[in-house]
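Below is one structure; the comments refer to it alone.
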Amino acid sequence: MTRSSGMGRTASAFWNINGVSRLSLAEDGLVSSALDMNQPEEAYGARPDAWQPLLAGLTLGFPGWGAGLRAVELATGARFDAAWAQGPHRAVKIESVPAHLLPQGLADSPLLKREPFVSYLADLGPALGRMRRHALELALAHLDLREHPLALAALAATGLEAAARTRLRDELTATHDRYLSHAHARAEEDDDFVPAWRSPSQLSFRRAAVFGVLAECVAADLPVGCLPDIVSDLVAVVVNDGERSQEFRMVEYLHAAALRSLR
């Protein structure tokens with residue numbers, strides 16, 4: 001977006017089936033404001049409040065993702081109406097643009113001057129496994145699950161015999177299902193004046209996601225340091241503006257850069 005906004009303004013709305021979303025606004029080569037549509041109060045960028053005048057009256061987030069498209073309309077003058085959806089579209093081949101190692105705002109982070117980030121930067125590709133373990137441990141700490149017996153068992157599951165591994169995976173999956181059920185049951189009780197990431201239902205949703213990831217790791221039966229690609233599954237788990245969240249974002253972006261380096 002920084003390149004496409006070099007002579008003006010660019011806006012984008014993104015969401016996927018996992019509820020991961022981002023609404024971004026870039027102007028004159030810089031990301032002015034970007035935010036998770038489920039937590040719009042946590043915007044970041046060169047001017048974090050740049051989206052605010054355009055979001056008045058819009059309810060962002062699940063299940064109303066269309067509000068993100070409306071915000072893009074307001075920001076750019078584009079119109080995503082029926083005529084646009086049903087009409088012809090010009091296809092333009094765009095040559096691949098090399099991605100920056102780190103996005104705006106992270107390239108000069110003090111985190112890069114301490115371990116393990118110094119080691120990650122020294123050799124990105126081989127650090128993938130360590131980054132995934134790092135991301136998982138940050139998620140567990142963020143949700144006060146680091147000492148949970150099932151979490152500890154999952155992190156030490158390497159070498160378990162097949163039957164024990166299956167039992168552990170099933171226990172993790174059942175715990176995921178319980179938290180997910182609790183989240184749906186509590187959703188109507190959420191307080192509109194409490195940040196979404198602090199609400200009881202969102203906390204249960206995020207804990208469910210972590211136990212789902214742990215079940216995936218146990219089922220994969222990979223050696224220590226070779227966890228499956230779980231970082232994207234944890235993006236919506238570590239949320240708020242605290243130090244742990246900032247550390248997770250750094251791991252997330254370095255992990256993406258490491259994947260690019262291996263292609």
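Go through (1) crowded, with 16+ Cβ neighbours inside 10 Å; (2) touching a residue at least 24 places away in the same chain (Cβ under 8 Å); (3) closer than 22 Å to LEU234 by Cα and name the single condition ALA34 misses.
Going through (1) crowded, with 16+ Cβ neighbours inside 10 Å; (2) touching a residue at least 24 places away in the same chain (Cβ under 8 Å); (3) closer than 22 Å to LEU234 by Cα one by one, ALA34 breaks only (2).
If I filter the stretch 15-31 down to residues being touching a residue at least 12 places away in the same chain (Cβ under 8 Å) and open to solvent by 50 Å² or more (accessible area, probe 1.4 Å), which single residue comes out as nearest to PHE205 (Cα to Cα)?
Per the stated criteria, the residue is ASN18.
Pick from ALA208, ALA154, ALA162, ALA196: which is at pLDDT 85 or above, of a type in the set (Gly, Ala, Ser), crowded, with 17+ Cβ neighbours inside 10 Å and more than 30 Å from VAL118 (Cα to Cα)?
After ruling out the rest, the residue left standing is ALA208.
Could you list all residues from the stretch 211-263 that are open to solvent by 30 Å² or more (accessible area, probe 1.4 Å) and under 16 Å from ARG165 (Cβ atoms)?
Scanning the stretch 211-263 gives GLU216, ALA219, ALA220, ASP221, LEU222, PRO223, VAL224, CYS226, LEU227.
Within the group ALA154, ALA67, ALA75, ALA85, which residue is assigned to a helix (DSSP H, G or I), over 27 Å from ALA34 (Cα atoms) and among the aliphatic types (A, V, I, L, M)?
ALA154
Could you list, in sequence order, the residues of the stretch 88-143 that are among the small types (Gly, Ala, Ser) and either open to solvent by 100 Å² or more (accessible area, probe 1.4 Å) or within 21 Å of VAL235 (Cα to Cα) (or both)?
Hits for the stretch 88-143 are SER96, ALA99, GLY105, ALA107, SER109, GLY125, ALA127, GLY129, ALA135, ALA139, ALA141.
The values are calculated or read from the model by the stated rules, or taken from the named source; none is laboratory data. As the structure is a prediction and not an experimental result, all values here were calculated from the model. Reconstructed Cβ throughout: ideal geometry from the backbone, glycine too, with neighbour counts over all protein chains shown. In case anyone asks, the SASA skips ligands and DNA or RNA and just uses the protein heavy atoms, side chains included. Shrake-Rupley method; radii C 1.70, N 1.55, O 1.52, S 1.80 Å.
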